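Below: the structure, in structure tokens.
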Amino acid sequence: MTSPRALVIAGLDPSGGAGLVLDAFVFARSGYAPSTVATMLTAQNSAVFRRAVPVEAGMLADQIEVVHSEGPFACVKVGAVGSAQNARLLGSLLPDLGAPVVVDPVLGSSSGGDFVDGAELAALDVLCSTATVATPNAGEAGRLAGTGDGRDLTAAEEAGSVLARRWRCTVVVTGVAPALACERSSHAVDVLCTVDSVERLAHPLVADTGDVRGTGCMFSACLAVGLGAGLSVRDAVIGAQHGVADLLGAAAQLGHGSMQIDAGVLWSQGSAR
């Protein structure tokens, strides 16, 4: 018996704190065999973002074609896409893969880089319209919806609802400020938006971790894991909340900037059950 396959499409962060490397680790730890497709190369670490170079669209298409030719995928996760051309290409290719798709519309790096211009921002509409679930953080949701900052709960709900109607998919807005999200300052809220409903799903914050790189990548990858296993979107979101909390237990100061996941610690603990 072989592991189910997952397709990971994202940018390469050489520090391993986010993007393709972190996503692949999350899927492997969850029992999937990840195929990794690079959309762009970045020069960044935990503290500094230097630059990003997108992969040419034809090369992106070839990567997807060759890995898909060896068998179907249980789920697909898309992160930063690198260019407007890549966003439009993925929007045309993903429906043919026959698997649930989670799109994390990454607009910038936690190290300080901005990945998108106006053309790519518009092209993300094409990509996200193919998603089963899209997972912008609160700031990204507000920017994509054109509704403002989006970081308080009401603004996040408004932005998520706008995007769910525009993209005709479920949108989960993450990263709502804890103090504004609910009465318990030890909790944060992810906002689950469909075309005609909004639900607040609170979860406890992990103590003593601070601002850890790659939490959005982890959440969307864990969500795709659940969808690949046949869970409902709501149950997959709750599972992703627990999955991120588990991963944050291995947050460490590996560089000079923000904390990130120490994959070696998690690997030594054995695969997730």
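Selection of region 35-48 for residues being part of a strand (DSSP E or B) and open to solvent by 50 Å² or more (accessible area, probe 1.4 Å) yields Thr36, Leu41. The residue of region 225-264 that is nearest to Asp211 (Cα to Cα), among those that are part of a helix (DSSP H, G or I) and open to solvent by 60 Å² or more (accessible area, probe 1.4 Å), is Asp246. When the residues of region 82-110 are narrowed to those that are open to solvent by less than 30 Å² (accessible area, probe 1.4 Å), in a helix (DSSP H, G or I) and not small (Gly, Ala, Ser), which ends up farthest from Pro54 (Cα to Cα)? Among those that are open to solvent by less than 30 Å² (accessible area, probe 1.4 Å), in a helix (DSSP H, G or I) and not small (Gly, Ala, Ser), it is Leu97. Within region 11-26, the presence of a residue that is surrounded by fewer than 24 Cβ atoms within 10 Å (Cβ to Cβ) and either under 14 Å from Gly228 (Cβ atoms) or touching a His at 6+ places or on another chain (Cβ under 7 Å) (or both) is excluded. Residue count for region 51-76 under the criterion of being free of Cβ contacts under 8 Å to residues at least 60 places away in the same chain and not in a loop (DSSP other than H, G, I, E, B): the result is 12.
The residues of region 49-63 that are open to solvent by 10 Å² or more (accessible area, probe 1.4 Å) and in contact with a helix residue (DSSP H, G or I) (Cβ under 8 Å, 6 or more places away or on another chain), listed by number, are Pro54, Val55, Ala57, Ala61. Does Ser3 satisfy the criteria of being open to solvent by 40 Å² or more (accessible area, probe 1.4 Å) and polar (S, T, N, Q)? Considered against the rule, which asks whether it is open to solvent by 40 Å² or more (accessible area, probe 1.4 Å) and polar (S, T, N, Q), Ser3 comes out as yes. Within region 192-211, the set of residues being assigned to a loop (DSSP other than H, G, I, E, B), over 19 Å from the mean Cα position of the chain (by Cα) and acidic (Asp, Glu) comprises Asp196, Asp208. What do you reckon, is Val176 modelled with pLDDT of 95 or more and among the β-branched types (Val, Ile, Thr)? So Val176 does not fit the description; no.
The values are calculated or read from the model by the stated rules, or taken from the named source; none is laboratory data. Given the structure is predicted, the values throughout are model-derived calculations rather than measurements. Ideal geometry is used to build each Cβ from the backbone, glycine not excepted, and the neighbour counts take in all protein chains shown. To get the accessible areas, we keep the full protein, side chains included, count just its heavy atoms, and leave off ligands, DNA and RNA. Shrake-Rupley method; radii C 1.70, N 1.55, O 1.52, S 1.80 Å.
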